[in-house]
Amino acid sequence: MSSQIIPALPKTSSILDLWREKNDRLVRQAKLTGDSRPSLRRQQLAQDTLEGFKELLITLQGLPAAVPALPLELTVTCNYIILRASLAQDFTEDLTQDIQRALERVLETQNQLEPKSQQRLPELWHSVLSASSLLPELLPALYCLASLQAILWMSTNHPGDLALLLQTLNASQTETSEDLLLLLKSWSPPAEKADAPLSIQNAESLRDVLLTAFACRQGLQELITGSLPRALSSLHEAASGLCPPSVLVQVYTALGTCLRKMGNPQRALLYLTAALKVGATCALPLLEASRIYRQLGDTAAELESLELLAEALSAPHSPIHSSTLKLVIEVELLLPQPGPASPLHCGTQSQAKHLLASRCLQTGRAEDASEHYLDLLAMLLGGSEPGFSPPTSSTGPCIPELCLEAAAALIQAGRAQDALTVCEELLSRTSSLLPKMSLWENARKRAKELPYCPFWVSATHLLQGQAWSQLKAQKEALSEFSQCLELLFRALPEDKEQGAGSNCEQKCRPDVTLKHLQVAALLSRGLEWAASNQDTKALSDFLLSVQICPGNRDGSFYLLQTLKRLERKNEAAAFWQKAQTQPAQEEATWSLPLYLETCLSWIHPPNCEALLEEFGTSLLESCDL
């Protein structure tokens, strides 16, 4: 009667078969869960599956190591590591311990296990793979474990250990090549047999993922270090591998960057077009496209790309890989997040907006620039984005410097009153931080704590002076220029070392920026004096400007012009001759903050060099020197 209630087990049934059936059931459950959209229930099912593998592994490892059970035990170990890493989206240290324990179990069956204190992972792998009595049916699971070890060593930057492992896997311990990409390509894991325990991901699949990820990582590193032909080769290898859409966009964009730097922008655009067609994300190729169009001198296309970039980054981001619950190791997991120095870093909407605004200002589209800057300030001051730095550097303009750029754009666009409003808002936020003149020791201490603040405030007064000048309010303009100079000439020597300006994309040397701020304010005030026929006062400012920056052509021009107007021709001729012997400015190759460059462009007289030559010729002809 009992035989009718409880079916008899198959004759081939054993405890090992039951454990294998449990492994296979868990694998099927993991694959079914992984093919579905993420949800709390699916996440819980995945965690339950992980717990199932863990319990099964504890059971297997609770018994003495035995050759018949090793293929199943190693397969369960691999399934557990793969599932745990994919759920955590990371490789933790205890996964290395799981691999080490598995290798020790293999060596126990070979009677080759030395004391643990003498066993490092590289030596364990060499001992295991060198064993002559390994069963063929053990190799697929062992090579799957080796693939996971290779992934861990690549992720934790152990290239030497990885190279030794791959050389051993290729049965070429005496091979002198350390080209990891070549070693990965030449490694061919054995295929799984049909009757082998099921695995979530086999050795061949893991090898392909590893090869693609390594080629991508190596190509990006070579791109950063300037090894462009090698980078091109590595990235082509990555593009031909198992690239999911999001990674393929990165690889195509990196290929575009590489070709641009190699002087082949047209081929680069073809890769960017291919990246856009993939459809995973368009922000990254749009940023690179803007750089290529800038190199080609196509300003309209460059700005259009930046506008599309800002629009793309404003949309809610929904990564492709989150549409399904991934329970396998994929290429994305093996690629680090692009840092600010990476060519694959495209930043945020505010960063794109700043790049667009600054390029509009630099290319003479002041009205567009002013609108973009106002949008950007509203975005940042409104708190929709907590921080800011431009897409191409780890540090960038803070909000005060953005306000200064915005004010410069508004003045350039003829919107002086709006520029004054921006400057007043900036002063209201920064003036309270400025050290007081009466407390000199406190001023010295405060300046060290807030080294940039005096320069932000002085630059604000400089731009306010320019705005008032545009409004023909001479008295107000002179007052602002004088306040700017008072702040700049109160700057302590320590201040000059600490910082005078900007964290802009190009390097801005602080002392150079400080000197040019002083020159801009002196020339601006001098021009106001000259406009009101106060040439003596103007001469004083122009003379001081060339003393601060010897060889400054704008200051030299205005000084000569004023001396000539005052009929002091001998002095003018002597100064002109002295100016001809002065070396070029050392800091001419250093960049300046954008707001200061813009301000200096307003002061720069057109055809300055030609006029200086004319001055010199006429002065020498009219003087007995």
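List of remarks:
- Pairs where the first residue, in region 124-153, is of a type in the set (V, I, T) and the second is crowded, with 19+ Cβ neighbours inside 10 Å, C-beta under 6 Å, 6+ apart: V128/L103; V128/V106; I151/L210
- All positions within region 363-398 that are open to solvent by 60 Å² or more (accessible area, probe 1.4 Å) and at pLDDT below 90: L381, G382, S384, P386, S394, T395
- Of all residues in region 185-208, those satisfying the criterion of being of a type in the set (S, T, Y) and free of Cβ contacts under 8 Å to residues at least 60 places away in the same chain are S186, S188.
- Members of region 495-515 that are in contact with a helix residue (DSSP H, G or I) (Cβ under 6 Å, 6 or more places away or on another chain), open to solvent by less than 30 Å² (accessible area, probe 1.4 Å) and modelled with pLDDT of 50 or more: V512, L514
- Counted residues, region 178-190 - those being in a loop (DSSP other than H, G, I, E, B) and open to solvent by less than 30 Å² (accessible area, probe 1.4 Å): 2
- Inside region 1-55, residues that are of a type in the set (D, E, K, R), more than 18 Å from Q201 (Cβ to Cβ), open to solvent by 80 Å² or more (accessible area, probe 1.4 Å) and at pLDDT 65 or above make up a count of 5.
A quick yes/no check of all residues on (1) closer than 29 Å to T212 by Cα; (2) at pLDDT below 85; (3) not hydroxyl-bearing (S, T, Y):
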site	(1), (2), (3)
T281	yes, yes, no
E288	yes, no, yes
I292	yes, no, yes
A312	yes, no, yes
P319	yes, yes, yes
L333	yes, no, yes
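- Selection of region 191-208 for residues being farther than 17 Å from N23 by Cβ and either open to solvent by less than 60 Å² (accessible area, probe 1.4 Å) or part of a helix (DSSP H, G or I) (or both) yields E204, S205, L206, R207, D208.
- Subset of region 170-185 [under 22 Å from V128 (Cβ atoms) and at pLDDT 90 or above]: L180, L183, L184
- Scope region 73-109; condition part of a helix (DSSP H, G or I) and of a type in the set (S, T, Y); matching residues: T75, T77, Y80, S86, T96, T109
- Condition check for A215: surrounded by 21 or more Cβ atoms within 10 Å (Cβ to Cβ), modelled with pLDDT of 95 or more, small (G, A, S) and within 17 Å of H345 (Cβ to Cβ): no
- So A69, is it free of Cβ contacts under 8 Å to residues at least 60 places away in the same chain and surrounded by fewer than 21 Cβ atoms within 10 Å (Cβ to Cβ): yes
Yes/no matrix, rows are residues, columns are (1) open to solvent by 60 Å² or more (accessible area, probe 1.4 Å); (2) touching a residue at least 60 places away in the same chain (Cβ under 8 Å); (3) in contact with a helix residue (DSSP H, G or I) (Cβ under 6 Å, 6 or more places away or on another chain); (4) farther than 14 Å from P343 by Cβ:
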residue	(1), (2), (3), (4)
L210	no, yes, yes, yes
G219	no, no, yes, no
Q266	yes, no, no, yes
A275	no, no, yes, no
A300	yes, no, no, yes
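- Any hit, region 279-298, residues being open to solvent by 40 Å² or more (accessible area, probe 1.4 Å) and under 26 Å from A150 (Cα atoms): no
- Looking across S314, S246, one residue alone is within 19 Å of the chain's Cα centre (by Cα) and open to solvent by 30 Å² or more (accessible area, probe 1.4 Å). It is S314.
- Residue list for region 541-580, filter: assigned to a loop (DSSP other than H, G, I, E, B) and either on the phi < 0 side of the Ramachandran plot or modelled with pLDDT under 85 (or both): C549, P550, G551, N552, L566, R568
- For region 222-243, a residue qualifies if it is open to solvent by 40 Å² or more (accessible area, probe 1.4 Å), more than 20 Å from L335 (Cβ to Cβ) and at pLDDT 95 or above, and exactly one does: P229.
- Filter pass, P68 being modelled with pLDDT of 85 or more and in a loop (DSSP other than H, G, I, E, B): no
The values are calculated or read from the model by the stated rules, or taken from the named source; none is laboratory data. This one's a predicted model, so the numbers in the text were calculated from it and none came from an experiment. Cβ atoms come from the backbone with ideal geometry, glycine included; neighbour counts cover every protein chain shown. We work out accessible area using only protein heavy atoms, side chains counted, and drop any ligands, DNA or RNA first. Shrake-Rupley method; radii C 1.70, N 1.55, O 1.52, S 1.80 Å.
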